[in-house]
Structures are given as structure tokens and as C-alpha cells.
Amino acid sequence: MQVGDLISTLELPGDLKGLKPDQLEEVASEVREYMIRTVADNGGHLAASLGVVELAVALHSQFNSPRDKIIWDVGHQSYPHKLLTGRWEQFPTLRRKNGLCGFPKPAESEHDPFLTGHSSTSISAALGYAKARDYANDDYKVAAVIGDGALTGGMAYEALNHAGHIKADLLVILNDNKMSIGSNVGGMSSYLGRIRSDPKYSRLKKDFEQFVGRVPLVGNKLISSAEKIKGSLKYLIMPGMLFEELGFTYFGPVDGHNIIALKNVLKQAGKMSGPVLVHVVTEKGKGYHYAEKSPETFHGIGPFNLNNGLPLKNKKSLTYTDIFGQTMLELGRENTGLVAITAAMKAGTGLSKFAAEFPDRFYDVGIAEQHGVTLAAALAAGGMRPVVAVYSTFLQRAYDQIVHDVCIQKLPVIFAVDRAGIVGEDGETHQGLLDLSYLRSIPNMTIMAPSDENELKQMLFSALKYNDGPVAIRYPRDKVLGIEVEDYKLLPWGKSRLIKQGDDLLIIAAGSVLGPAVEATEKLFWQGIKAAVIDARFIKPLDEELIVTWARKCKRIITIEENVLAGGFGSGIMEIMEKRGLCLPLKRLGIEDCFVSHGTRPQVLAENLLDAESIYREVLSFSNEKAAGEHS
């Protein structure tokens, strides 16, 4: 890929300040074209980034990064920022092993002041930077760029409220593209829609107060007397009054694809003291026809054909998400009390068909996982059977609600924990490697992990029949094995299943790692090692009788999990050994005490010794070590 004709002559981002309007437009065009070609090769989050190209150019032509701090919420919209801040030549490595991260990352560049992988955090971070600046008697600028989808997250309002209350000097740029990952939901979305369609941009409140305040003797009294009148009229007259009431000076709406208009409003906003919000209206997918037509598809996409926008992989393999979505649809037809809840991830969690067929039993709460979990708790308390479909990394955001609102009350909420384990290219902020640990520690919680698509189907069916507390079913971001899916049947509660018999070693696998574990045992057989294999099925409660019986027989134990080792599945097995007074050699395979970077799922699994070949070598080494110890 070649550097753009104009960009190749520039030292970015500094040289943007000296460019003429037509040159800035050319920079935007070169950035957009390069970004489309790179994501077509690598996959990535394209649509949101296409929508903020002009905004990124305008920001960097007004701000002095890295001294000034620009915090991009989530990072789905940060690709133009990366290209404008010295990462042009590295950009073809986007989301590849040892390449550029798909999100802003301070370890990657000094132009990324804050790591943003989850949404709704940017205003809080910007406020923190603004106050740190003030304490240091410094004068750099701080801006948070937040999407209207991220603005559905409650944390954003907590930060807006606080910033307005303390009158902090910071800039919030609301990138309003009318979408999060899917179409936006809720009152804020409707409110912003009304603002977008309002042609009146005048600052009537300020003009009114300045004019009346100049009236001798009675000016202030007139202002006070007019409050009730203003209160009833201002919401009809002025856009952005919600933000004004929170203490922000509001500018907008502004055309987010007009660089000159953006520069002018940013310059004007920079002269204001206190918190300022600039409302920018953009088009998600701007500049690439297929992304404009289907922004949800191009939110996060794999490699695709530039000429037609179609994925390069012609044959679509079924995934665990697909199986979950189909099972929910089937069960929803049989159970009128079944309700599905998701947090702005209808398509991503496989619930699109359920939502279409049962709109009155489907809730997309927006980017509001905490609310979604408590909503589910109360639905369960009222006699419904709610299923919360959520990615593992996002469920972390609702930990208190799981504990306080669901588990303490022992309510039958089902958590469909998608993207559990290694997710691959999205990296540290999105790997689902903590859920076994943070869920296993909560009383009254049952945890299941399917090893194939049939197990997922039976687990969801069985969980719906269980009324004695919450159940979490965790499954990976991966294609299924292609085995036959059986008719629905109840699983024996809390029971594992013995997959292979052997007397040299016991392997206990949790969910998605069962396949590689079984594959490893086939190679071990030719080394003279006969390993027994247990599919845990239930992470909590564990099948103590089966596990202890085979542990005593085999004398050596290896546990395997796609989760951090601290407090995870293997820790549960160790607790059983202690409880039963068994002192046996035990090795745990899983994720060490670290955050796991990005790469393809197979690459990351191999790097963390969770592929079949690595499991084989680890088990062989463990077996040989113990055998040598026994003969010494």
C-alpha cells in the first residue's frame, strides 16, 4: 500500500495546521481510501471510523497532540486518528499478531492518552485528565469523542453531571451517527433525533439573559420572573437543552463531514471556559457505498471484496452464536415466558430472529449492561424467564448487579455468555478470560460450559427448566464442530461426563478446550500414556464423585480451561482435592496472570498452550516428570 500523494509530503499531525481547506479535504480522502483497503485485507471496525474521518482531520488541525489529549470512546472510531498520528506505515498490521491494536492504546503511541476498549468511559477519563492538568497548573486541552450509542451508557451521564457540576474546562464531542453497533434505542436516541431535525441553532438563552440583565434596576428580577416561562419554552426552542441543564455550553448540530465548519466550531468552543459539548452529525460508513448501505454489517467485519463488499469467505460456517440464536427461537415458540435481553448487540449475540418474531419479549437496552441485568432480575421475580445474552468482557460491567440483584435473591436469570475465552483480534479489552473466576466466586450461581453445539442446545434447554437460581452458560467465539444436534433433553444437573477411560493420567477439560484435549490424548496413546478424559460440563457445581473417583484411579490430574488460572476452573478442582483430603500431582493449563494481546484465535490459543499440540507437549512433560520422580 502506498502513502497518499499529499500525506507523503506531510509531517503528521502537526502539518495539518498549515493546510488549505482543499488540502484538508484531500488528506481526508487519502485517509478514507487507505482505511477501506486495509480493513478489506485485515477485517476490523470500518463503518464508525469512516464516519469520523473529517472530524479527526479537523481535531488534529486544531489540537496539538500529544500535548493536547484526545480520548476516543471505545476506539471503533479511532482508525483515522491512528493514521494521522504517525502510524501510516504500520497500519497494514492492524489487528494482526504483534501489529497495531484495533483500539487506542497508550503503549502503542503517545497520541493515545487512554486505553478505550469498552464504551461510555471517555468523558470520565477526559474529566480526570482535565483536573490533573489543573492541579499541575498546566494549560493543555482535553477532548472526549463519544458516540451517541455510547451515550446510552449510564457512566457517560455520571461524568457529564460531575463535569457540569464542577465547571471543568473540557470539550466533549458527541459523534451522532444515529447508531451504536446496531440501531440506537431509548429516549436519548429520540432526543438527539429531534435536535438533528431542528433548524434553529441560535443561542437564545444566553442572548436573553445578556439583554434583560442590562435593563437598569429590574434586569435581574426580570430574569428571575421569566424562569417559569423559559422553562416551558426552552425545550421547544433550543437544541441541546439537556446538556445545557447539565452545565455544558452546547454547540450544534454541526455537519460532521464539513471540515471547515468543524474547525470553526472547535475554534469557537476553545474560547469558552467550563465544559463544552459540540454535537456533530455524521454518517456511519461514509465514503464506501456498501458500508453506507449496511453500517451494521461493516461495524466489525472480516476481510471483504472491495468491489462488492462481500466477505471473502464464501462458505459461512455455523458458530456457537448461531446455535444459541436458533435455540432461543425454538424455545421461544414453546415457552411464552421466555424473554431475551441484550445490550446493543442484537445481531452480535444471535438474537435478530428472536427479536423479529417476538418483539414484545425482546429488549435491547442499549449500552447499559447494569440496567439489563437488574431488568432481568425483576422480570424473573415477576415470573418471566429472562435470558441475558452478552459478551463475556461486557458482562464484567454488571458484576455488582449479578451479585446484588440476581444471586442474593437466587433469581432464575440465565446468562448466555458469548465470546468467552480467547476472542482473537480485538485483544486485551475484549478477551473473555475472567468470567469463570468472577462468576464462580458468587454464591447461588450455576455455571455450564458446552464442548460442542449439541451441548449448548441441551444446556440452554436444561437451564430453562431449572428454577432454583441463576445459570451462566459460557461459549466461545468460534465455529461449531459440525456434529449432529439431538432433540432436547434434560442434562443431569451438576454432572460431568466421562469421554475416555485410562489409568495413567486424568484430564479434566472445561468447555471449548475438550476437543484439543481429546486430540492430544490420541497422540499420548502412541507414547504409551493412556489418559482418561472428563468433560466437566458444569464448572459450578463440580461433579465431585466422578472427578474424585477417576483422580484416585489415575493419581495425576491436568485441568484445562480458556480462562485465567487465578480462581478459575482448575482452582475449583484443587478445592475439591483439599476438601477430600487428596494430595495428588495436579497441573493446571490456562491463562497465566496477564492480559492477552491480539492475534487470530488459533495464534493466541497456541501462544497460551491451549491448542492440541501444546496440550500434548505439556501433558507429556508432566507425565514424564512425575514418572521420573516416582523412580528416583
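The values are calculated or read from the model by the stated rules, or taken from the named source; none is laboratory data. All values derive from a computational prediction rather than experimental measurement. Using ideal geometry, Cβ is built from the backbone for each residue, glycine included, and neighbour counts are taken over all protein chains shown.
Taking region 296-309, which residues are aliphatic (A, V, I, L, M) and within 24 Å of the chain's Cα centre (by Cα)?
301
Filter region 425-437 down to the residues that are in a helix (DSSP H, G or I) and either buried (at least 24 other Cβ atoms within 10 Å of the Cβ) or within 17 Å of the chain's Cα centre (by Cα) (or both) and list them by number.
Answer for region 425-437, where residues must be in a helix (DSSP H, G or I) and either buried (at least 24 other Cβ atoms within 10 Å of the Cβ) or within 17 Å of the chain's Cα centre (by Cα) (or both): 435, 436.
Mind checking which residues of region 521-569 are among the small types (Gly, Ala, Ser) and either in contact with a strand residue (DSSP E or B) (Cβ under 6 Å, 6 or more places away or on another chain) or crowded, with 21+ Cβ neighbours inside 10 Å (or both)?
Scanning region 521-569 gives 531, 532, 536, 551, 568.
Kindly check whether there is at least one residue in region 8-30 that is of a type in the set (Val, Ile, Thr) and farther than 25 Å from residue 124 by Cβ. I'd like the intermediate steps shown before the answer.
Applying the first criterion (of a type in the set (Val, Ile, Thr)) to region 8-30 yields 9, 27.
Next cut, farther than 25 Å from residue 124 by Cβ only: 9, 27.
Checking region 8-30: at least one residue is of a type in the set (Val, Ile, Thr) and farther than 25 Å from residue 124 by Cβ.
Provide a single number: the residues in region 122-162 that are of a type in the set (Gly, Ala, Ser), farther than 28 Å from residue 364 by Cβ and in contact (Cβ under 8 Å) with a residue 60 or more places away in the chain.
Of the residues in region 122-162, 1 are of a type in the set (Gly, Ala, Ser), farther than 28 Å from residue 364 by Cβ and in contact (Cβ under 8 Å) with a residue 60 or more places away in the chain.
Restricting to region 488-522, give me the number of residues that are more than 26 Å from residue 572 (Cβ to Cβ) and either among the polar types (S, T, N, Q) or at pLDDT below 95 (or both).
Total meeting the criteria: 1.
Could you go through region 9-29 and let me know if any residue there is at pLDDT 95 or above, touching a Lys or Arg at 6+ places or on another chain (Cβ under 9 Å), surrounded by 14 or more Cβ atoms within 10 Å (Cβ to Cβ) and over 15 Å from residue 62 (Cα atoms).
Taking every residue of region 9-29 in turn, none turns out to be at pLDDT 95 or above, touching a Lys or Arg at 6+ places or on another chain (Cβ under 9 Å), surrounded by 14 or more Cβ atoms within 10 Å (Cβ to Cβ) and over 15 Å from residue 62 (Cα atoms).
Is it fair to say residue 444 is of a type outside the set (Phe, Trp, Tyr) and either in contact with a helix residue (DSSP H, G or I) (Cβ under 9 Å, 6 or more places away or on another chain) or touching a residue at least 60 places away in the same chain (Cβ under 8 Å) (or both)?
On the way: of a type outside the set (Phe, Trp, Tyr): yes; either in contact with a helix residue (DSSP H, G or I) (Cβ under 9 Å, 6 or more places away or on another chain) or touching a residue at least 60 places away in the same chain (Cβ under 8 Å) (or both): yes.
Yes; evaluated as a whole, the condition is true for this residue.
Mind checking which pairs have a first residue in region 290-315 that is farther than 18 Å from residue 95 by Cβ and a second that is among the acidic types (Asp, Glu) and not in a loop (DSSP other than H, G, I, E, B), Cβ under 6 Å, 6 or more apart or different chains?
none
Looking only at region 462-492, which residues are over 14 Å from residue 512 (Cα atoms) and either assigned by TED's automatic domain parsing to the domain that holds residue 426 or outside any loop (DSSP other than H, G, I, E, B) (or both)?
462, 463, 464, 465, 466, 467, 468, 469, 470, 471, 472
Only one of (1) buried (at least 16 other Cβ atoms within 10 Å of the Cβ); (2) aliphatic (A, V, I, L, M); (3) assigned to a loop (DSSP other than H, G, I, E, B) fails for residue 518. Which number is that?
Going through (1) buried (at least 16 other Cβ atoms within 10 Å of the Cβ); (2) aliphatic (A, V, I, L, M); (3) assigned to a loop (DSSP other than H, G, I, E, B) one by one, residue 518 breaks only (3).
Could you please give the count of residues in region 611-626 that are farther than 17 Å from residue 479 by Cα and in contact with a helix residue (DSSP H, G or I) (Cβ under 9 Å, 6 or more places away or on another chain)? If you could, list the steps in order and put the result at the bottom.
Initially, region 611-626 is screened for residues farther than 17 Å from residue 479 by Cα, giving 613-626.
Among the residues that remain, those that are also in contact with a helix residue (DSSP H, G or I) (Cβ under 9 Å, 6 or more places away or on another chain) are: 613-620, 623.
Residues in region 611-626 being farther than 17 Å from residue 479 by Cα and in contact with a helix residue (DSSP H, G or I) (Cβ under 9 Å, 6 or more places away or on another chain): 9 in total.
Within region 370-424, take every residue that is of a type in the set (A, V, I, L, M, F, W, C) and in a loop (DSSP other than H, G, I, E, B) and give me the one that is surrounded by the most Cβ atoms within 10 Å (Cβ to Cβ).
413
Tell me the residue from 362, 354 that is of a type in the set (Phe, Trp, Tyr), in contact with a helix residue (DSSP H, G or I) (Cβ under 6 Å, 6 or more places away or on another chain), assigned by TED's automatic domain parsing to the domain that holds residue 442 and closer than 28 Å to residue 562 by Cβ, please.
354
For region 311-341, which positions are under 20 Å from residue 298 (Cβ atoms) and either of a type in the set (Gly, Ala, Ser) or surrounded by 21 or more Cβ atoms within 10 Å (Cβ to Cβ) (or both)?
Answer for region 311-341, where residues must be under 20 Å from residue 298 (Cβ atoms) and either of a type in the set (Gly, Ala, Ser) or surrounded by 21 or more Cβ atoms within 10 Å (Cβ to Cβ) (or both): just 321.
Go through region 356-369 and give me each residue that's of a type in the set (A, V, I, L, M, F, W, C), within 23 Å of residue 323 (Cβ to Cβ) and buried (at least 19 other Cβ atoms within 10 Å of the Cβ). Don't jump to the end; show me each part of the working.
Residues of region 356-369 of a type in the set (A, V, I, L, M, F, W, C): 356, 358, 362, 365, 367-368.
Right, trim to within 23 Å of residue 323 (Cβ to Cβ) and you get 356, 358, 362.
Residue satisfying the conditions is 362 alone.
Quick one: which of 553, 587, 540 is at pLDDT 95 or above and within 20 Å of residue 452 (Cα to Cα)?
Only one candidate passes the filter, namely 540.
May I ask you to list the residues in region 260-289 that are assigned to a loop (DSSP other than H, G, I, E, B) and buried (at least 19 other Cβ atoms within 10 Å of the Cβ)? Outline the logic, then answer.
Start the filter on region 260-289 by keeping residues that are assigned to a loop (DSSP other than H, G, I, E, B), which leaves 271-275, 282-288.
Once the filter is applied, which keeps residues that are assigned to a loop (DSSP other than H, G, I, E, B) and buried (at least 19 other Cβ atoms within 10 Å of the Cβ), region 260-289 yields 275, 282, 284, 285, 286, 287, 288.
For a quick check of your reading: which helices (runs of 4 or more DSSP H) sit entirely within region 35-115 and have at least 1 residues that are surrounded by fewer than 22 Cβ atoms within 10 Å (Cβ to Cβ)? Before the answer, list the steps.
Details: elements: 47-50, 53-62, 79-83.
It comes to 53-62.
Mind checking which residues of region 69-109 are under 18 Å from residue 12 (Cα atoms), among the basic types (Lys, Arg) and within 22 Å of the chain's Cα centre (by Cα)?
82
Testing residue 297 on (1) at pLDDT 95 or above; (2) of a type in the set (Val, Ile, Thr); (3) closer than 30 Å to residue 475 by Cα, one condition comes back false. Which one is that?
(1)
Based on what the data block shows, is residue 242 aliphatic (A, V, I, L, M), at pLDDT below 95 and either in the same structural domain as residue 131 (by TED's automatic domain parsing) or touching a helix residue (DSSP H, G or I) at 6+ places or on another chain (Cβ under 8 Å) (or both)?
Yes: the conditions hold for residue 242.
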